[in-house]
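The values are calculated or read from the model by the stated rules, or taken from the named source; none is laboratory data. Since the model is a prediction, treat every value here as computed from it, not as a measurement. Here Cβ is always computed from backbone atoms with ideal geometry, including for glycine, and neighbour counts include all displayed protein chains.
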Amino acid sequence: MTVAGAPPVALVSMPFADCDRPSLQLGLLAPAVASAGFPVRVMHAGLDFAALIGVSAYRELATHRGRQFGDWLFSVAAFGPAAPDPDGALVTDFCPPVDLLALRDRMVPEFLDALAADPLWREIRFVGFTSTFQQNTASFALARRLKERYPALVTIFGGANFEGAMGEEYARAIDVVDHVISGPGEEALPALLSKLSGFAAESAGPPSGIPDFDEYFARAERLGLLDRDTVLLPFESSRGCWWGAKHHCTFCGLNGETMAYRSKPPAQVLAELETLSRRYRTFRFEAVDNILDPRYLTTVIPALTTSGYDLFYEVKANLSRDDLRLLARAGVRRLQPGLESLSSRVLGLMDKGVRAAQNVCLLKWARYYDIDVAWNLLWGFPGETPDDYAAQAAAIPHLVHLQPPDSADRIWLERFSPLFNAGSYEPEPSYRYVYPPSVDLSRAAYFFEWPEQLDDAVYAGVRDEVERWKALWSSSERPELTYRAIPGLLQIRDRRPTFAAGTYTFPDPVAAIYLACDDRPRSVAAVAGALDIAYDMVEKVFEELAARGLMFLDGDRAIGLALPAIPGR
């Protein structure tokens with residue numbers, strides 16, 4: 001419902017938002033603005049650029065983090081003569097993944113001119129830009145073109161890139177930024193619009209909280225980019241991070257100044273999924289939550305076991321076999337558990353609140369229940385030692401039947417992280433190729449240079465083993481390590497190329513000790529007590545089976561690495 005005479009508002013998502021899913025930010029803000037009485041138009045403009053340069057090149061830039069390649073593309077259009085790199089030195093200095101010069105000099109102006117020529121702008125009074133990661137300069141560039149044509153147009157910027165000091169600095173230094181919202185915008189944006197326009201927001205009803213993705217689907221279909229079999233609908237069941245509120249992972253800058261955790265009632269989550277599925281004729285969803293509410297394991301997740309959804313969630317890695325079985329039954333096909341390391345000591349330096357054996361346990365049962373795991377192996381933490389990485393390099397050949405990390409590399413230093421807050425650091429170097437000197441990058445940047453903790457050679461063994469692991473995983477026949485068991489007898493079949501192919505047969509007490517560590521990691525003392533076997537005997541079995549690569553040993557804890565030969569139980 002709109003209020004008569006209320007000025008029209010446009011909400012825009014510029015490159016490089018993901019082109020394979022609609023913007024949840026626009027999806028939530030548009031109904032909030034409309035419910036306040038303002039006519040609202042939505043524009044997923046990143047789709048236009050993806051259609052112009054090709055989806056493959058667009059995805060390369062949209063998924064990149066750290067180096068500011070995407071923002072560099074729009075720097076000249078955003079800042080004109082003040083742009084710091086008109087000659088394209090960044091292309092030589094940093095080797096971007098695609099030919100940026102051709103895109104910057106020809107396609108960026110074409111794209112911006114087409115957007116600015118849209119007749120809708122003749123009616124628009126306010127334009128809001130949402131910006132996360134590399135969406136800043138494209139937004140500034142369009143704002144500049146629009147203000148040149150329509151000087152009375154008022155711009156409002158928000159999103160993760162405008163939290164705290166970053167938003168303050170952009171508002172100070174960028175002349176096309178009229179107003180900034182730091183933090184959630186569903187209430188703040190209507191309130192600001194009402195104050196600026198003089199129209200009272202309370203004349204219309206409250207928004208439903210269900211995002212509106214109509215414009216994304218219409219625009220993607222018009223541009224020939226819509227594939228309903230692959231598009232993912234973002235949904236939100238919680239905000240903040242319950243673990244971070246207690247123990248902030250040292251390298252994580254997510255949530256900015258809004259760490260406090262809050263989750264939706266289970267019935268609301270289920271209703272929103274059903275509404276969105278019916279409205280957009282898809283069952284594929286991606287939760288934007290930073291972490292799954294553990295209470296959902298007894299509410300939302302069991303309720304989803306009778307649905308046909310295909311879901312993604314971020315979780316803490318301390319999930320049990322039963323948890324993963326339940327998630328798989330509920331249609332959770334993809335997880336991001338924040339594993340980060342195979343060393344309990346390094347995980348302690350991160351303040352992750354899990355042990356390496358728990359990470360391996362998650363990889364094991366996710367593999368068994370056919371859940372894809374997105375994870376990265378990270379290094380570069382204060383206090384780590386060469387032994388931490390020598391041990392991980394030695395352990396990786398034992399794990400090649402489990403899913404490898406997507407990457408293995410040093411951490412990015414992010415604003416708002418405990419590591420960032422503990423020192424003073426220089427912005428990541430590529431920012432200097434994007435923003436003019438008038439912008440104080442120490443306040444505007446999100447990524448910063450992080451000093452090497454150890455010589456890069458220390459990590460070479462882990463890096464090489466991960467590359468071999470990934471190559472094995474992508475081969476036509478993935479490595480396997482499976483077992484069968486009956487009371488008193490265990491048989492393990494090993495088909496990992498890092499070990500000689502063979503089959504091991506163990507009677508009790510070895511069989512009983514191994515199976516006691518099947519579902520989850522257990523300590524020597526716990527197994528000895530449960531089975532009434534001498535501590536020394538259990539400890540010896542742990543060590544011998546770990547030496548053969550059949551168990552993962554983590555201090556005095558161990559977990560069996562073989563998966564049940566019969567799937568799905």
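General observations
- From the options ALA460, ALA546, ALA534, residue that is among the hydrophobic types (A, V, I, L, M, F, W, C) and touching a Leu at 6+ places or on another chain (Cβ under 8 Å): ALA546
Okay, residues lined up against (1) surrounded by 22 or more Cβ atoms within 10 Å (Cβ to Cβ); (2) over 27 Å from the mean Cα position of the chain (by Cα); (3) modelled with pLDDT of 95 or more:
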position	(1), (2), (3)
ARG122	no, yes, yes
PHE133	no, no, no
ALA138	yes, no, yes
THR155	yes, yes, yes
GLY164	no, no, yes
HIS179	no, yes, yes
SER182	no, no, yes
LEU189	yes, no, yes
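- The listed residue being under 22 Å from the mean Cα position of the chain (by Cα), at pLDDT 95 or above and crowded, with 22+ Cβ neighbours inside 10 Å, out of LEU378, LEU363, LEU349, LEU399: LEU363
- Of the listed requirements (1) more than 24 Å from ASP406 (Cβ to Cβ); (2) at pLDDT 95 or above; (3) touching a helix residue (DSSP H, G or I) at 6+ places or on another chain (Cβ under 7 Å), GLY80 misses just one: (3).
- Taken over the stretch 131-155, the criterion of being in a loop (DSSP other than H, G, I, E, B) and more than 18 Å from HIS44 (Cβ to Cβ) is satisfied by TYR150, PRO151, ALA152, LEU153.
- Residue in the stretch 217-224 that is more than 13 Å from PRO22 (Cβ to Cβ), in contact (Cβ under 8 Å) with a residue 12 or more places away in the chain, in contact with a helix residue (DSSP H, G or I) (Cβ under 8 Å, 6 or more places away or on another chain) and not acidic (Asp, Glu) present: yes
- Within the stretch 93-141, considering residues that are of a type in the set (Val, Ile, Thr) and touching a helix residue (DSSP H, G or I) at 6+ places or on another chain (Cβ under 7 Å), the one nearest to GLN68 (Cα to Cα): THR137
- Entry remark, the stretch 7-36: residues being in a loop (DSSP other than H, G, I, E, B) and surrounded by fewer than 24 Cβ atoms within 10 Å (Cβ to Cβ) number 6 in total.
- Within the set ALA528, ALA546, the sole residue that is touching a strand residue (DSSP E or B) at 6+ places or on another chain (Cβ under 6 Å), more than 22 Å from ASP322 (Cα to Cα), outside the structural domain of PRO397 (by TED's automatic domain parsing) and small (Gly, Ala, Ser) turns out to be ALA546.
- In the stretch 16-45, the residue that is nearest to ARG104 (Cα to Cα) out of those that are touching a Ser or Thr at 6+ places or on another chain (Cβ under 6 Å) and at pLDDT 95 or above is ALA17.
- Test: residue in the stretch 166-175 that is farther than 21 Å from ARG41 by Cα, small (Gly, Ala, Ser) and buried (at least 21 other Cβ atoms within 10 Å of the Cβ): yes
- Residue among ALA57, ALA50 that alone is assigned to a helix (DSSP H, G or I), under 16 Å from GLN134 (Cβ atoms) and in contact with a Cys (Cβ under 6 Å, 6 or more places away or on another chain): ALA50
- Looking at LEU73, LEU61, LEU103, LEU146, just one residue is of a type in the set (A, V, I, L, M, F, W, C) and in contact with a Gly (Cβ under 6 Å, 6 or more places away or on another chain), and that residue is LEU61.
- Residues in the stretch 256-276 that are surrounded by 12 or more Cβ atoms within 10 Å (Cβ to Cβ) and part of a helix (DSSP H, G or I): 10 in all.
For every residue, the table says whether it meets (1) among the hydrophobic types (A, V, I, L, M, F, W, C); (2) in contact (Cβ under 8 Å) with a residue 40 or more places away in the chain.
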| position | (1), (2) |
| --- | --- |
| GLN336 | no, no |
| ALA356 | yes, yes |
| ALA391 | yes, yes |
| LEU402 | yes, yes |
| GLU428 | no, yes |
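- Of the residues examined, VAL541 is one that is in the same structural domain as ARG493 (by TED's automatic domain parsing), over 36 Å from the mean Cα position of the chain (by Cα) and either touching a residue at least 60 places away in the same chain (Cβ under 8 Å) or buried (at least 21 other Cβ atoms within 10 Å of the Cβ) (or both).
- Hey, ASP85 touching a Phe, Trp or Tyr at 6+ places or on another chain (Cβ under 7 Å), among the acidic types (Asp, Glu), outside any helix (DSSP H, G or I) and crowded, with 17+ Cβ neighbours inside 10 Å or not: yes
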